[in-house]
Amino acid sequence: MPTDPMLEYLWIIPLLPLLGSAVNGLFGAKWPNKIVNGVAIGSTGLSFLCTLEAVREFFESGQVLFHKEFFTWIAAGNFRAGFDLQMDQLTVVMVLVVTGVGWLIHIYATGYMAHEGGYYRFFSYLNLFMFFMLILVLAANYVLLFVGWEGVGLASYLLIGFYFLKKSASDAGKKAFIVNRIGDFGFMLGMFLLFRAFHTLDFQAIFTSSTLQGWPVELSGHLGTLTFAGLLLFMGACGKSAQLPLYVWLPDAMEGPTPVSALIHAATMVTAGVYVVARSHVLFAHAPTAMLVVAIVGCATAFFAATIGLVQTDIKKVLAYSTVSQLGYMFLACGVGAFSAGIFHLMTHAFFKALLFLAAGSVIHAMGGEQDMNRMGGLSKKTRWTYVTMLTATLAIAGIPPFAGFFSKDSILLSAFESEIGGHTTGYALYGFGLLTALLTSFYMFRLIFLTFQGKPRFDEHKVHVHESPNSMLVPLITLAVLSLIGGWLASPTFWGGTDYFARFLFPVFGTGHHPVIGAASQIATFSTTSTPEEQYTEWVFATIAVCTVLIGIAVAYWLCLKRPEKADGLAKSLKPAYTTLLNKYYLDEFYAAMIVKPLLWISTNVLWKAADVTGIDGAVNGIAAGTTAIGDGVRHTQSGNTRSYAVWVVIGAMVVIAVIFFWPSGGKPVLGMLP
């Protein structure tokens, strides 16, 4: 049994943000902002330090998995759900991203939210979110994971609707909550199905089950169980990670403050679905049909969202659709069995997408709240730090070497091309759409850069006094910019025939894709990514194709936005139907409103409310009450207070009793004849 103190007390890592949330929520209203800052940043900073210590102890112990049962939470018959936490290589990546990036965003938020009302409430919600997200990634079973899963949904609802007096913000919060509930319904069904098959919901008990290990891929009699369980879990992931058809909540979630967009809708919460699929990779490896669905949905979402991002003018909406698209890349990687590549892109995306949102917040701060890129321009000279950091993140997401996004995206595209899921033709199609998505990504992201920072100012410089953000906002930007530059170098040696250190690190968790590894640390030694000359040549060829594709997108954006902007207007007019369709997001929200929302509202109003509730339930209750009232009203008239009336009623009653006694038949005899 390990004696490392931090590993033995893993619960401290999520507990600290929870305490920060409780303290600020209960007492923050009476405190100045500095004390609220100290509690919020201090609790998350300490959580980050505890994480670093736990990771250090984990490495020193030489383990591939640390598992700790703290107490039994639910016990019913043969079902047990404990407050059990675990740490393995996948957990290390996730918990470092959540605490590290989360802490930087908390620091940024102290400057961004300094003049907003409900300051203490905002940081209480932000701390609460980090608590639930840490529970999600540290959980050792699906039940505890689901607590974190639902908790981040609650925190997301609170933070998206933070400006609750603004109708669009409150509507966006409700939309996020409802759409996520649809996915969560599937997630719960998936858990029920897993319990029915394995009689447990503990990760290791399921993944190392002799029953599971004995099921041949695609030949098992339980194929339906694993396939449907995987698809149901993926349904939950589609809701949380904004994939087709449940992506519609995330663009509207931009109504929340920008730090919320950076933390929840770029770096952490929306990656929860990717984490669940990666955590359940053993199940998916035995269900190739489910993996194919994951790959196709991910690829389709990446391309679909990228096309919408081409024409958006709100700087945060562009980044929102970019997030949906990049999440699609992660699911594409998981679907083709490249789980390490998917998690690698999750990590690099956390760096550059959090930076993009925070830099966008810096732009909005500099512009006095303006978010329309058509009303910006020429900001590079007045907000140099914001410009440099945002350009760094844009180069990373576009996939320009040596920035982080190049290595992770290149790994995904190559894995898709070489995939045998669904056959080689499917792999080629997935690669083609992934490459086309990279082209679109480079175009709309550099369109954002050119419209925002280059060219002539398109705003009244006498009314808008552009200014750089304070240091509390710039320091996180610079830190994330450095990570966006160097974050991908863990995999860069593969280009020179070396080792992909990130894949090597995750090998004890994922093994070789479709052949998961559950075992000892010695298995790391069996991992090798030393490329043959042919493989290295292939790597360089595909990387060159990807970079050339990206450069084409940048060149087109430069030509349309800076050199010949009138061509962009002409193109929009000549392709008006397509342009209008993209601008209105393929009318998918309107389709959902017409085909789902309005019918449900009509059914709930006319059938469930007016017919079932008012006419049926209320009618029955009110009818009984009315009948009782009528009977009572009739009977009360017998109480007239007249003695002669009472005498008459006594005589009538006596006659009725006598008639019954003497003349009521019973078995062919009068009642009187039956008396003793």
(message) Going by what's in this entry, would GLU539 be described as part of a helix (DSSP H, G or I), modelled with pLDDT under 90, farther than 28 Å from MET445 by Cα and not polar (S, T, N, Q)?
(response) no
(message) Restricting to the range 556-598, name every residue that is assigned by TED's automatic domain parsing to the domain that holds LEU448, more than 20 Å from LEU448 (Cβ to Cβ) and of a type in the set (A, V, I, L, M).
(response) LEU575, ALA578
(message) Considering only residues that are surrounded by fewer than 21 Cβ atoms within 10 Å (Cβ to Cβ), in contact (Cβ under 8 Å) with a residue 24 or more places away in the chain and of a type outside the set (S, T, N, Q), which ones fall in the range 451-468?
(response) GLY455, LYS456, PRO457, ARG458, PHE459, VAL464, HIS465, VAL466, HIS467, GLU468
(message) Looking only at residues that are in a loop (DSSP other than H, G, I, E, B) and not small (Gly, Ala, Ser) in the range 403-435, which one is modelled with the highest pLDDT?
(response) PHE403
(message) With the structure loaded, tell me whether ALA176 is small (Gly, Ala, Ser) and over 30 Å from THR200 (Cβ atoms) or whether it fails that test.
(response) yes
(request) Out of LEU391, LEU413, LEU435, report the one residue that is crowded, with 21+ Cβ neighbours inside 10 Å and not aromatic (Phe, Trp, Tyr). (result) LEU413
(request) Have a look at PHE331, PHE284, PHE344 and point out the one that is assigned by TED's automatic domain parsing to the domain that holds LEU435, surrounded by 24 or more Cβ atoms within 10 Å (Cβ to Cβ) and either modelled with pLDDT of 95 or more or outside any loop (DSSP other than H, G, I, E, B) (or both). (result) PHE344
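Results for (1) touching a residue at least 60 places away in the same chain (Cβ under 8 Å); (2) buried (at least 16 other Cβ atoms within 10 Å of the Cβ); (3) over 22 Å from LEU477 (Cβ atoms), shown as yes or no for each residue.
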{"position": "VAL39", "(1), (2), (3)": "yes, yes, yes"}
{"position": "ALA54", "(1), (2), (3)": "no, yes, yes"}
{"position": "GLU60", "(1), (2), (3)": "no, no, yes"}
{"position": "LYS68", "(1), (2), (3)": "yes, yes, yes"}
{"position": "ILE74", "(1), (2), (3)": "yes, no, yes"}
{"position": "LEU85", "(1), (2), (3)": "yes, yes, yes"}
{"position": "VAL95", "(1), (2), (3)": "yes, yes, yes"}
{"position": "THR99", "(1), (2), (3)": "yes, yes, no"}
(message) Testing THR348 on (1) among the polar types (S, T, N, Q); (2) more than 26 Å from the chain's Cα centre (by Cα); (3) under 29 Å from VAL509 (Cβ atoms), one condition comes back false. Which one is that?
(response) (2)
(request) Select, from PHE303, PHE234, the only residue that is in contact with a helix residue (DSSP H, G or I) (Cβ under 6 Å, 6 or more places away or on another chain), farther than 28 Å from GLY100 by Cα and outside the structural domain of GLY434 (by TED's automatic domain parsing). (result) PHE303
(request) Restricting attention to helices (runs of 4 or more DSSP H) lying wholly within the range 1-108, give those where 2 or more residues are among the β-branched types (Val, Ile, Thr). (result) 12-27, 33-61
(request) With the condition kept exactly as written, say whether any residue in the range 243-252 is at pLDDT below 90 and among the polar types (S, T, N, Q). (result) no
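The values are calculated or read from the model by the stated rules, or taken from the named source; none is laboratory data. Remember, predicted model here, so these are calculated numbers, not experimental data. FYI the Cβ positions are ideal-geometry reconstructions off the backbone, even for glycines, and counts take in every protein chain you see.
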